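First the structure, in the form of C-alpha cells, and then the observations on it.
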Ligand code: SF4
C-alpha cells in the first residue's frame, strides 16, 4: 500500500476528511516501520520548541495548569466559569469531550505556511468567538464534527506528519488547549517533530497565551475589529474583543517575534490576519497603524479580501454585501502608507 493510501485508509476509518488537496505520490511504507520522518519533507529542518519543554518536564506542568482551568472555565476572555469537567457548557458549547470537523494536508494557506509539503490542518468543532459572519458556521456554531479523544488527536498529528505536512495547523484551538497539549505529549512520544501553528480568532487571555509559551512556534491570529463597541454586535456579545486580542498578539510577538523561514518554509514567528469588511467596519486603517506602532513595519500580515455575507450576515448590514470595487484597494493603500511591506 502506498503511503497516501495508507493515510487515507486511517482517516477514513476515523470518519474524517483526509489529505484533501494533496496531490503528491509517496514511496511505499507505513508508520511504525522505521520510516516516519523525524523532519518531514519540505520542512525548514528546525526543531520545534515543544521538544525541549517536554524533555524538561515543563510541558507536563503546563498540561496540568490548562486542565485545571476546565473546572471553572476561563480558558478564553468570555470567562464562563462553568465546570466543563462536570459536563457543564459555556458559550463555546463544549464540555470535557470534543469534536474534530476535518483534517487534511492543505495547500490553501499562505505560501510560507504551506511550504512544499503542505500544512497539516486540524479543524476543531465549535468556537469561543462565534462571529455572525462565520464562513464555517456548521462547524463553529453548530458543532458538526466527529467525537475525538486526545489519543486519536495524537494519531492525527502523527499521520499528518507522515503524510508530508511541514507543520500541525491547529484551527480554532482556544477552547481546547488542554486537550491539544495532552495529545501533543502523546504525539511527541510517537515521534512528532514538526512545529505547531496556533490558528486563532485572537480572542485569547494573556494567561493562556503565557501557558503556551514554548509550545507554539508559529502564531497565526486574526485581528478582526479595532473597536470593541462595534465588535460586540457581530461577535455574539464577546466583550472587549479589541483589547484582549491586542494584548494577546503582543504576547505572541514577544514569544516568537517576526516570522522566520528557511527553505521557503516558516518555522517560527507571527503572521497576523485581517479581513477587510464593507464600509471599513473592521477598521483597517487603525489596524495597520497599530501593527506598525506595536509590532513593527516588518511584521508579516495577510490583509484579506474574501469577505462574503455568510451565516447571519444578511441581518447585519453592512455585512449583507461583498466588498465593492475600491474597498480592498483602499485597505492596501493604508497598509503601504503605514509602512507595512511583508504581505501574504
Ligand atoms: S472556553 Fe468556552 S466555556 Fe471556557 S470561557 Fe471560553 S467560551 Fe466559556
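Computed from the coordinates by the stated procedures, all read-outs in this text should not be read as laboratory data. Just so it is clear, the model here is predicted, and its values are computed rather than measured.
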Theoretical ellipticity at 222 nm over the chain - DSSP helices of four or more residues, -39500 (n - 2.57) apiece, nearest 500:
-10000 deg cm²/dmol
So how long is each side of the chain along the principal axes, counting just the alpha-carbon atoms, biggest first, in Å?
56, 46, 37
Considering only DSSP beta bridges where both residues belong to the chain, give the percentage that are antiparallel (nearest 5).
35 percent
If one computes the Cα centroid of the range 46-121 and of the range 203-246, what distance in Å separates the two points?
15 Å
Got the relative contact order for the chain handy, in percent, Cα pairs under 8 Å and 6 or more residues apart?
16 percent
Tilt of helix 284-294 relative to the longest C-alpha principal axis of the chain, in degrees (0 to 90, nearest 10)?
60 degrees
The range 163-188 and the range 281-302: distance between their alpha carbon centers, rounded to Å
28 Å
Using the alpha-carbon atoms, what tilt in degrees (0 to 90, nearest 10) does helix 177-189 show relative to the longest principal axis of the chain?
30 degrees
For the range 286-344, what's the relative contact order in percent, using C-alpha pairs closer than 8 Å and at least 6 residues apart?
52 percent
Tilt, helix 150-162 to longest principal axis of the chain (alpha-carbon atoms), in degrees rounded to tens, equals 80 degrees
